[in-house]
Amino acid sequence: MNEIITIKNKSNWIITIISSFALLILIFIMLIILPFASIEKTYLLSALSYIFSLIPFLGFFILFLYIWLWNTFGKVILEISPEKIKVTNKHKLFSKPHEYLKSEIEKISILDLGIEKTKYFTRINYLFSNSYYSIVIQKNGKTIRIVDWLNNERANNILQKMNLKNNSM
């Protein structure tokens, strides 16, 4: 029997509002300003001019759409079955579901990202929020983060549900 856990992404409303305005401005530029700017006497040249001037704006549109969709509507869906764990990022562009076989998983744990140290910087996350825990899977000596930015209580609840399903195998 599969258990499905849905974890809503914590929205940053400032990013949502700013990226919404950026998307509207880019749509206005791509559909109104660029066609008028590329009008010439020959239709082939004006069509080519429009297409080539549209490419960078389309790239920025996709980037802002990616950020806006995930920040506003993003969810992580965990499907826990007796033999595997399936992680799906809903409303995230260019993302496919990941499946992890329980026989290959060495350990499931909680990672504290209060102070995040990398090769290039140290970031203190606990100053701004209490949601700095992550559910991680140890597989083949690698640490894979499957759910990020949870508070301690929510992370423990998810870990208990995952461990109950592991023990029932």
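The values are calculated or read from the model by the stated rules, or taken from the named source; none is laboratory data. Keep in mind it's a predicted model, so treat the numbers as computed, not measured. Neighbour counts run over all protein chains shown; Cβ positions are idealised from the backbone, glycine included. For accessibility, only protein heavy atoms count, side chains too; no ligands or nucleic acids. Shrake-Rupley method; radii C 1.70, N 1.55, O 1.52, S 1.80 Å.
Summing +1 for each Lys or Arg and -1 for each Asp or Glu among the other residues whose beta-carbon sits under 10 angstrom from that of Asn89 gives +4.
Summing Lys and Arg as +1 and Asp and Glu as -1 over all other residues whose Cβ lies under 12 Å from the Cβ of Glu104 gives a net charge of +2.
Each Cα pair under 8 Å and six or more residues apart adds its separation to the average, and for the chain the resulting relative contact order is 19 percent. Taking only protein heavy atoms and a 1.4 Å probe, the accessible area of the chain is 65% carbon and sulfur.
Scanning the chain for long hydrophobic helices, with DSSP H runs required to stretch 18 angstrom or more by C-alpha along their axis and to average at least -0.5 on the Kyte-Doolittle scale, returns 13-28, 43-73. Charging the Cβ of each Asp and Glu at -1 and of each Lys and Arg at +1, and nothing else, the dipole of the chain about its Cα centre rounds to 220 debye. Probing with 1.4 Å while keeping every protein chain in the model, the per residue accessible area of segment 1-129 equals 70 Å².
For the chain, modelled as a GNM whose springs connect Cα atoms under 10 angstrom apart, the maximal fluctuation among Ile110, Ile55, Ile67 occurs at Ile55. Of the residues Ile55, Ile146, Ile17, the one whose Cα sits farthest toward the positive end of the charge dipole of the chain, with +1 on the Cβ of Lys and Arg and -1 on the Cβ of Asp and Glu, is Ile146.
Which entries of Lys117/Lys161; Lys8/Lys102; Lys84/Lys117; Lys84/Lys161; Lys96/Lys119; Lys96/Lys161 show an alpha-carbon separation above 21 angstrom in the structure shown? Checking Cα-Cα distances, Lys117/Lys161; Lys8/Lys102; Lys84/Lys117; Lys96/Lys119; Lys96/Lys161 exceed 21 Å. Here the chain is scanned for trypsin sites (Lys or Arg not before Pro) in DSSP loops (not H, G, I, E, B) that have at most 14 other Cβ atoms within 10 Å, and the longest stretch holding none of them is 42-118. Qualifying chymotrypsin sites (Phe, Trp or Tyr not before Pro) in segment 44-131, where qualification requires a DSSP coil assignment and no more than 13 other C-beta atoms within 10 Å, comprise Phe94, Tyr120, Phe121, Tyr126, Phe128. Temperature 37 °C, viscosity 0.692 mPa s: under these conditions the Stokes-Einstein estimate for segment 1-51, based on its Kirkwood radius over C-alpha pairs, is 227 µm² per second.
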